[in-house]
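The values are calculated or read from the model by the stated rules, or taken from the named source; none is laboratory data. The model shown is predicted, which means the values in this text are computed figures rather than measured ones. Virtual Cβ from ideal backbone geometry, glycine too; neighbours counted across all protein chains shown. Please note that ligands, DNA and RNA were not included when accessible areas were found on the heavy atoms of the full protein model with its side chains. Shrake-Rupley method; radii C 1.70, N 1.55, O 1.52, S 1.80 Å.
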Amino acid sequence: MNQIVLGPLVVAGAAAALALVIALVDRVVNDYGEVTIDVNHGKRAYKVRGGSPLLGTLASQGVFVPSACGGRGSCGACKVRVLSDVGPVLPTETPYLSPQELANGVRLSCQVKLKKDIAIELPEELFSVKKFKATVERLDDVTYDIKDAVFRLDEPAEISFTSGQYVQLVVPPYGTIKESVQRAYSMASRPGDSGRVELLIRLVPGGIATTYVHTVLKVGDRVELVGPFGDFRVRDTPAAMVCVAGGSGMAPFKSMFYDMRERDAFPEKEIWYFFGARSSRDMFHLDELRRLEAEWPRFHFVPALSEPGPDEGWTGETGLITDVLERYIKDRIAKDKGLEGYLCGSPGMINACIAVMTRNGIAEGDVFYDKFA
């Protein structure tokens, strides 16, 4: 019995020791010294210590490239154009890069290790991204697995953003998590309330950040936020908005709708908001959105349950949200000014909605979305 127990422990100990030796050898033998990051053809230059990934090194200089997965190489968001030779594209990068991007030298900054001087191109708007310190002001359960989190930024800091954009929440080490990570969440707050950031965060089993928010974070805690990022936004056209979301995908739409109403923005746009859930326990903010619909004539709210229970007393639409969406596009939504699609949710939901929209006359180029990684 002792041999059975000791065997795996010896193997685990040897593996840990080997990993430590490899890390030490890499640090000592592969000492890359000081390297220079040239940004946008000499507009900016940073002298940094070599040996770390480009993504984190840029962040240490206050330049925050978006990364929905926090640098794990699983989201494909942290793209930069590399103008100098940094070695071949890694297998971890190719799934996220199109043939055109590969030809143009686009790389994932979390996968590019700084071994020598490098020249890159970055969008100028990234230099307005900031790291904010904030306090948890509110943390409410809106469903059994979604929290509505409101963070008050330290004064006098204010975040200037366009409704539809997102921030990255910095999660510190906790429990068995030994390193800080960042995860991306769409902002549900209004741009007009620039001293606060509101996020809707759904618990993902095994998720580092969502587990932290749901089990560790509490009102009064201090956090860091990085942003804003993203180009999901309302287009300045008279076309009707056909919006579809589920779960925490409500966040950017809540920001968009209340911002549009507050500013009377895009006054020609009719807004149709379809929100799908499985059962009543997955629904939230129903009263608030129905009140908005009653007070704002051009806003139409269509919640739907795919599997309502017999004792739920549900009187709204039923069925898959894609089926409800198709019925409304065909029979209820005016098309005289054109239609635009706005989607936020899982890749599967988004792909299904795109198929419905395109076969019902909405051009694929007029469908905009925020797809959860």
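Points to keep in mind about this one:
- Flag if residue 170 is at pLDDT below 95, within 21 Å of residue 60 (Cβ to Cβ) and β-branched (Val, Ile, Thr): yes
- Filtered residue count, region 244-273, keeping only those that are in a strand (DSSP E or B) and under 16 Å from residue 335 (Cβ atoms): 2
- Restricting attention to region 65-111, the residues that are in contact with a helix residue (DSSP H, G or I) (Cβ under 7 Å, 6 or more places away or on another chain) and either in a loop (DSSP other than H, G, I, E, B) or without any contact (Cβ under 8 Å) to a residue 24 or more places away in the chain (or both) add up to 8.
- Positions within region 325-373 being touching an Asp or Glu at 6+ places or on another chain (Cβ under 8 Å) and free of Cβ contacts under 8 Å to residues at least 60 places away in the same chain, in sequence order: 354, 356, 358, 360, 367
- Listed by position, the strands (runs of 3 or more DSSP E) enclosed by region 124-237 that each have at least 2 residues that are touching a Lys or Arg at 6+ places or on another chain (Cβ under 8 Å), open to solvent by 20 Å² or more (accessible area, probe 1.4 Å) and farther than 24 Å from residue 343 by Cβ are 130-141, 222-229.
- Single match in 223, 234 (criterion: touching a residue at least 60 places away in the same chain (Cβ under 8 Å) and farther than 25 Å from residue 367 by Cα): 223
- Some residue of region 82-105 being within 23 Å of residue 189 (Cβ to Cβ) and of a type in the set (Gly, Ala, Ser): no
- Of 272, 314, all but one fail to be open to solvent by 20 Å² or more (accessible area, probe 1.4 Å), more than 29 Å from residue 126 (Cβ to Cβ) and touching a Cys at 6+ places or on another chain (Cβ under 8 Å); the exception is 272.
- Enumeration of residues in region 281-315 that are part of a helix (DSSP H, G or I) and in contact (Cβ under 8 Å) with a residue 60 or more places away in the chain: 281, 282
- Residue check, residue 242 crowded, with 21+ Cβ neighbours inside 10 Å and farther than 24 Å from residue 152 by Cα: yes
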